[in-house]
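This report concerns only the one structure given below.
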């Protein structure tokens, strides 16, 4: 399973710093496409809510902590750290079990509490 934000996951998985202050342009270079207008207009687009775009950073163990829409900048912090419950994951290839494990780790819950439904 591949996401259009997979390149961001891969990039952040390789970043050694704990904080990445990025311009939207930098993120677009990593992704290889322009961010949608909603990313430029709505703070909610950048929330850490396990949506397709936020999984781009959350699966790599990062979360957004600051946003400057006017100057098109976002700050992401690596929260994977040394906590065994929060481990970095790679986006490809990913099994359903790996996705469940990653979601459980990111949410700080038991893996048995995670259900994944795929609709085609």
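Would you work out if the range 1-72 is rounded, prolate or oblate? Take a ≥ b ≥ c from the square roots of the eigenvalues of the alpha-carbon gyration tensor; rounded if a/c is under 1.5, else prolate when a/b is larger than b/c, oblate otherwise. Verdict is rounded for the range 1-72. Peptides 64-72, 111-119 ranked from most to least packed, by the mean per-residue count of other Cβ atoms within 10 Å: 64-72, 111-119.
Bear in mind these aren't lab numbers, they're just calculated from the coordinates by the rules spelled out. From a predicted model like this one, the values you see are computed outputs, not experimental measurements. Don't worry about glycine lacking a Cβ; one is built from the backbone with ideal geometry, like all the others, and counts go over all protein chains shown.
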